[in-house]
Amino acid sequence: MDPSPTDNSFEETVKSIGDLHGNMAVLAKLDAVLRNLDTDISEPERLIQSDGAISGTIVQISNSPLFGFGEKSDNIATALQKVGYNQALKLVGMALSKQVFMRDLESYGITADSYWRYSYFTAVFLERQAKNLGIDSDQAYLFGLLHSIGRVVVNEILHTREIEVFWDRFIPEKEWELMMIGFTNQKAGALLLGLWDFPADLCTRIETQNDSVAQKGDLLLSILDYARILANHLIDPPRLRALCKAGSHPAQAKLRTSAPELIKEVSEVEAHVEEVYASLKEC
């Protein structure tokens, strides 16, 4: 993803926006740390504590009903011990999603609540399907959570340039973005995550997520496409049930679940998203 000369100004703009949410880089570093089997268990604690902005939120989330009503945590170490180190990535993801995704995307006409719910639903859905299929579930979770972060970039660019033109949905999203800033939100998101040192394969997936050829060759891309459709139809039960039937999407045939099981799975994910949302609102 080396930028061409014509991309230089765009990269600088994305970098300036990335600086506003620089603590997201903690998520990339934590992912790398947790993948290292030789990691000292105190290393995740030190990494999280390096960013005071998220430390307090993480402690609060660990004390929420989401993780039970046991002994209260008062620092990062006890918070991680309470939820389990295998939940560290998810816990940090929750805290950071509150800061980055719970904001209105005025240019897209998307409220903060809708944007967060959509992003978190896709993260949890991908994580669960990855576990069923024997795919790296942490990788799937991050991909689902971050796949549309480029919309934050596009929204910020338009806001900074004081361009009050809003996507009216009669124009395809890609066409509108190219017309407004010359780049898609997928490209913007991939570049932003690259600046934060997220893995190259994740950045590539972010950039190519809408490519039909790439989806055919990458099961996770196909499942993401399916998850996005499901997330956008949660408020339409009849349509949602139809989307869970066999043959409704190429990814559906690859999931190891029947239509009734998939409907139950979607309901469980939706309920979990609402539970996490309630916990975050209390923090």
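The values are calculated or read from the model by the stated rules, or taken from the named source; none is laboratory data. Keep in mind the model is a prediction, meaning the values are calculated, not measured. When we count neighbours, we look across all protein chains shown, and the Cβ atoms used for this are built from the backbone with ideal geometry, even at glycine.
Kindly indicate whether Ala123 is closer than 27 Å to Lys254 by Cα, among the aliphatic types (A, V, I, L, M), touching a residue at least 60 places away in the same chain (Cβ under 8 Å) and in a helix (DSSP H, G or I). No; evaluated as a whole, the condition is false for this residue. Looking across segment 126-151, the residues that are closer than 15 Å to Lys254 by Cα, touching a residue at least 40 places away in the same chain (Cβ under 8 Å), surrounded by fewer than 24 Cβ atoms within 10 Å (Cβ to Cβ) and touching a helix residue (DSSP H, G or I) at 6+ places or on another chain (Cβ under 8 Å) come down to Arg128, Ala130, Leu133, Ile135.
Considering segment 79-112, the residues that are touching a residue at least 40 places away in the same chain (Cβ under 8 Å) and of a type in the set (D, E, K, R) include one that is surrounded by the fewest Cβ atoms within 10 Å (Cβ to Cβ), namely Glu106. Scanning segment 145-181 for residues that are among the basic types (Lys, Arg) and closer than 20 Å to Cys203 by Cβ turns up Arg151, Lys174.
Considering only residues that are without any contact (Cβ under 8 Å) to a residue 60 or more places away in the chain and exposed (fewer than 13 other Cβ atoms within 10 Å of the Cβ), which ones fall in segment 238-260? Pro238, Ala242, Ala246, Gly247, Ala253, Ser258, Pro260, listed by residue number.
Tell me whether segment 163-178 contains one or more residues that are in contact with a His (Cβ under 9 Å, 6 or more places away or on another chain) and modelled with pLDDT under 95. No, every residue in segment 163-178 fails to be in contact with a His (Cβ under 9 Å, 6 or more places away or on another chain) and modelled with pLDDT under 95. Here is the figure for segment 93-151: residues that are on the phi > 0 side of the Ramachandran plot and either among the aliphatic types (A, V, I, L, M) or in contact with a Phe, Trp or Tyr (Cβ under 8 Å, 6 or more places away or on another chain) (or both) total 1. Per the conditions (1) within 18 Å of Tyr226 (Cα to Cα); (2) within 15 Å of the chain's Cα centre (by Cα), the sole criterion not satisfied by Leu133 is (2). Each residue in segment 1-35 was checked for being of a type in the set (S, T, N, Q) and at pLDDT below 75, and 4 of them qualify.
Scanning segment 178-217 for residues that are surrounded by 13 or more Cβ atoms within 10 Å (Cβ to Cβ), among the basic types (Lys, Arg) and more than 20 Å from Asp19 (Cα to Cα) yields a single hit, Arg205. Residues that are within 20 Å of Leu91 (Cα to Cα), part of a helix (DSSP H, G or I) and among the hydrophobic types (A, V, I, L, M, F, W, C) do occur in segment 144-161. Within segment 230-251, which residues are at pLDDT 90 or above and within 21 Å of Gly144 (Cα to Cα)? Result: Leu230, Ala231, Asn232, His233, Leu234, Leu240, Leu243, Cys244, Ser248, His249, Pro250, Ala251.
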